[in-house]
Amino acid sequence: MSLDQAESGPQADRGRTRDRDAATLLPRQSMGGMDPRGRHGTPGTPKMKRIGCATFGPIQDGRWWFGDFEQDRFLLDGTFALKWQLHWVSGWAPRFGEYRASMADNYGNADVYRGYIEQDPLVFESLPAAP
């Protein structure tokens, strides 16, 4: 089911592109290879090899999509450094007239995002922090 088929009132179409497969609207995540910048590109952190996977699927009759990410990171000598896990939920939010997403990871990070289609990809940006 595409996200366009999960209508909810006249506002549901605003900002969306018709006849788009929902899988093309999901965030893309490289889950393997080498991170030349170290952990999250933080200066002074060692370079690491990444091995992981991501699973996506529809929930609530296709209105929302979930993503579960898991990644192990290793120093270049093969020493295990960390395990990273993240849960992502995204979909069309008729109340706000835009895509919304939320994420939480195993390091205590959590955020809410708003999404929009820019040319072809669906782009998410963090919402401003609440006071």
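A few points about this structure:
- For the stretch 116-124, Karplus couplings with θ = phi - 60° (6.51, -1.76, 1.60), whole Hz, Gly/Pro x: 8, 8, 10, 6, 9, x, 8, 10, 10
- Distribution of pairwise C-alpha distances over the stretch 56-131, 10 Å bins, in %: 17, 40, 28, 13, 3, 0
- Amide H within-cut-off set for Glu98, under 5 Å, with H built and near neighbours excluded: Ala93
- Maximal additional length on extending the Phe80-Phe96 stretch stands at 1.5 nm, based on 0.36 nm per residue less the C-alpha distance.
Read-outs: derived from the displayed coordinates by stated rules, not from any lab. Predicted model, so just to flag it, every value in this text is computed and none were measured.
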